[in-house]
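Asker: Can you read through this structure? Questions will come right after.
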Amino acid sequence: MPLGLARYLCQTRNMTPSAAQKVFADRVSRIEISATMAVTAEAARLRSQGVSLVDYGAGEPHFATPRHIKDAAIAAIEANFTRYTAVSGIPEVRKAVVDRHAADFGSSYTPEEAIFTTGGKLALFQAVQVLVDHGDEVVLPVPYWVSFKDIIQYAGGKPVYLQTDEGENFRVTAAAIERLLTPRTKAIILNSPSNPSGAVIAPADLEKIVRMAHARGIYLLLDECYAYLQYTGASISGGSFTDCKEHLVILGSLSKTYAMTGWRAGFALAPKPIIQAMSKLQSQNTSSTAAIVQKASIAALTGSQDCVAEMRNDYLSLRDQILAGLKEIPGLTCTTPEGAFYVYPNVSSFLGKGKIGTAAELATRLLHEANVVVVPGEAFGTAEHVRLSYAVSHADVTEGIRRMRTFFAKLS
């Protein structure tokens, strides 16, 4: 706790400093501030001072929200559709979610098995809170999205880390997961395509994992935030295996698919008892998602999907451009992402040996010396990487690579 805050609490509540340290609940000490949000805040501070940055930090589409989605929100406002709705979402938005998922992935959910949430992160948070109890183990592949670990620990659960092999493109298999299972394993969390590595779980591996978890009565939480940004062929969802849905929780978001990050539109698909428990929890925190956001989301899910294909094609072009640029920087190595919009280069050759101690230090120097924003790998569970989001303009990719090449040349 900052000393100033401790003193303030002591003065206002007549506490000793040691007592003031106990003001906050233990669960708050189990989590950290999101690393990506911290990077975004520091970048914003520098930008406000007039610094010209190339921002590969936050994972946010560079596209504007498609016109027909914005029009639906405007129409909802004009029609005064601005009141509270049912906690889990209006029937039309939940139907749109399950229909879109069924059409694209062959899943079989009803609107009663869906909840609409204020962003995909809330869907994940609530799913973990209602399923994971103190002492429960949750298998989590490394590298992992920054919030997975903290959300598990906030619930009192214990992350059990599955170390993946960079040489095998961070592949996750059923056999690797099975070796970590114990009687205390309650859940497995998978993110495919992966943030930060862009790795995609192969369809055969995913089916084996789904069926193994179902057979063992372990809940499989599948974060499909980037499901529509796969570059290796047809997209696949764990929800495709309909005979295993009893132990599946599909977590989704409209943020990346439709360039709607600021709208905060997410959802979960799961057995009805889990959805009911999540809805009960949601009734005590956010209540319903904003009414106009639900209307806009219906337009996104039921309207033309051409915008999704167009954005995906540009991301693929950006991926190839940034990979080509990274190859021009001696000392950097990088796997080829199969989805999402991130690259996760290995910077180990620049760490230690009197150069830079950690990836976090490297990211700080990149920010202040080259004015390039990246997120250090420590946030994702690895110590030798940095994450770059290439959801930026092609010009920014070119300029960022130029700045990084100059920066790393000085370290060599």
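Every number here is computed from the coordinates shown, using simple stated rules; none is lab data. Small disclaimer: the values here were computed from a predicted structure and weren't measured. Neighbour counts run over all protein chains shown; Cβ positions are idealised from the backbone, glycine included.
Asker: What list do you get for Val249, Val39 if you sort them by fewest beta carbons within 10 Å?
Answerer: Ordered by Cβ neighbours within 10 Å, fewest first: Val39, Val249.
Asker: Continuing with the same structure: Through the Karplus equation 6.51 cos²θ - 1.76 cosθ + 1.60, θ set to phi - 60°, convert the phi angles of the stretch 38-54 into ³J(HN,Hα) values in whole Hz; use x for Gly and Pro.
Answerer: The phi angles translate into 5, 5, 4, 5, 5, 4, 5, 5, 5, 5, 5, 8, x, 6, 8, 10, 9 Hz.
Asker: Taking the Cα centre of the chain as the origin and placing charges on Cβ (Lys, Arg +1; Asp, Glu -1), which of Trp263, Ala391, Thr242 is farthest toward the positive end of the dipole?
Answerer: Trp263
Asker: May I ask which residue of Ala44, Ala299, Val97 lies farthest towards the positive end of the charge dipole of the chain, with charges of +1 (Lys, Arg) and -1 (Asp, Glu) on Cβ and the Cα centre as origin?
Answerer: Ala44
Asker: Still on this model: Step through the residues of the stretch 63-69 one at a time and calculate ³J(HN,Hα) from phi using the Karplus curve (6.51 cos²θ - 1.76 cosθ + 1.60, θ = phi - 60°), rounding each to whole Hz and writing x for Gly and Pro.
Answerer: 7, 7, 4, x, 4, 5, 6
Asker: On to the next question. Residues with amide H under 5 Å of Arg387's amide H, sequence separation 5 or more or different chain, H placed in the peptide plane at 1.01 Å from N; which?
Answerer: Val375, Gly377
Asker: Starting from the Cα of Lys355, draw a straight line to each of the aspartates and glutamates and keep only those under 17 Å, dropping any in the same chain fewer than 8 residues away.
Answerer: Glu369, Glu384
Asker: May I ask for the net charge around Tyr258, where only other residues with Cβ less than 12 Å from the Cβ of Tyr258 are counted and Lys, Arg are +1 while Asp, Glu are -1?
Answerer: Taking every Cβ under 12 Å from that of Tyr258, the sum is +3.
Asker: With θ set to phi - 60° and the Karplus curve 6.51 cos²θ - 1.76 cosθ + 1.60, what are the ³J(HN,Hα) couplings of the stretch 357-367 in order, to the nearest whole Hz, using x for Gly and Pro?
Answerer: Values per residue, Gly and Pro as x: x, 9, 5, 5, 5, 4, 4, 5, 5, 4, 5 Hz.
Asker: Let me ask something else. Among DSSP bridges having both ends in the chain, what percentage is antiparallel? Round to the nearest 5.
Answerer: Rounded to the nearest five, the antiparallel share is 40 percent.
Asker: State which stretch of the chain is the longest one without any exposed trypsin sites (Lys or Arg not before Pro), exposure meaning a DSSP loop state and at most 13 other Cβ atoms within 10 Å.
Answerer: Between the exposed loop sites, the longest stretch runs 185-326.
Asker: Further question on the same structure: Can you work out the FRET efficiency for the pair Ala38 and Thr82, with r the C-beta to C-beta distance and R0 = 30 Å, to the nearest 0.05?
Answerer: Step by step, r from the Cβ atoms, then E = 0.35.
Asker: Could you state, as a whole-number percent, how many of the C-alpha pairs of the stretch 68-302 are farther apart than 25 Å?
Answerer: Here the long-distance tail beyond 25 Å is 37 percent of all Cα pairs in the stretch 68-302.
Asker: Identify, among His68, Gln282, Thr173, the residue whose Cα sits farthest towards the positive end of the charge dipole of the stretch 68-302, taking +1 on the Cβ of Lys and Arg and -1 on the Cβ of Asp and Glu, with the dipole about the Cα centre.
Answerer: Gln282
Asker: Place a +1 charge on the Cβ of each Lys and Arg in the chain and a -1 charge on the Cβ of each Asp and Glu, then give the dipole magnitude about the Cα centre in debye, rounded to the nearest 20.
Answerer: Charge dipole, the chain, about its Cα centre: 1040 debye, nearest 20.
Asker: Report the label-to-label distance for Leu351 and Ser304 in nanometres (one decimal), using points 7 Å from each Cα along the Cα→Cβ vector.
Answerer: Reported label-point gap for Leu351 and Ser304 is 4.7 nm.
Asker: Then there is this: Computed from the coordinates I sent, log10 I(q)/I(0) by the Debye sum over Cα atoms at q = 0.07, 0.13 Å⁻¹ equals one of (i) -0.29, -1.04; (ii) -0.35, -1.19; (iii) -0.36, -1.03. Tell me the label.
Answerer: (ii)
Asker: With loop defined by DSSP as not H, G, I, E or B, and exposure as at most 13 other Cβ atoms within 10 Å, which is the longest segment of the chain clear of exposed GluC sites (Glu not before Pro)? Write down the numbers at each step before the final one.
Answerer: Numbers: sites that count: Glu32, Glu328.
It works out to 33-327.
Asker: Another question, if that's okay. So what's the back-of-envelope 222 nm ellipticity for the chain, counting only DSSP H runs of four-plus at -39500 (n - 2.57) apiece and dividing by all residues, rounded to 500?
Answerer: Dividing the helical sum by the residues of the chain leaves -12500 deg cm²/dmol.
Asker: With an 8 Å cut-off on Cα pairs and a minimum separation of 6 or more residues, tell me the relative contact order of the stretch 68-302 in percent.
Answerer: Dividing the mean separation by the residue count of the stretch 68-302 yields 32 percent.
Asker: Set the Förster distance to 51 Å, then compute FRET efficiency between Ile74 and Ala395 from the Cβ-Cβ distance, nearest 0.05.
Answerer: With a Förster radius of 51 Å, E is 0.95.
Asker: If I take R0 = 41 Å and measure r between the Cβ atoms of Asn313 and Ala215 in this structure, what FRET efficiency does the formula 1/(1 + (r/R0)^6) give, to the nearest 0.05?
Answerer: Values: r = 39 Å, r/R0 = 0.95.
Taking R0 as 41 Å, the efficiency between Asn313 and Ala215 is 0.60.
Asker: Between Thr333 and residues 5 or more places away or on another chain, which pairs have amide H atoms under 5 Å apart, with H built 1.01 Å from N, and which residues are they?
Answerer: Asn346
Asker: Hey, how many Å between the Cα centroid of the stretch 370-397 and the Cα centroid of the stretch 184-217?
Answerer: The stretch 370-397 and the stretch 184-217 have Cα centres separated by 25 Å.
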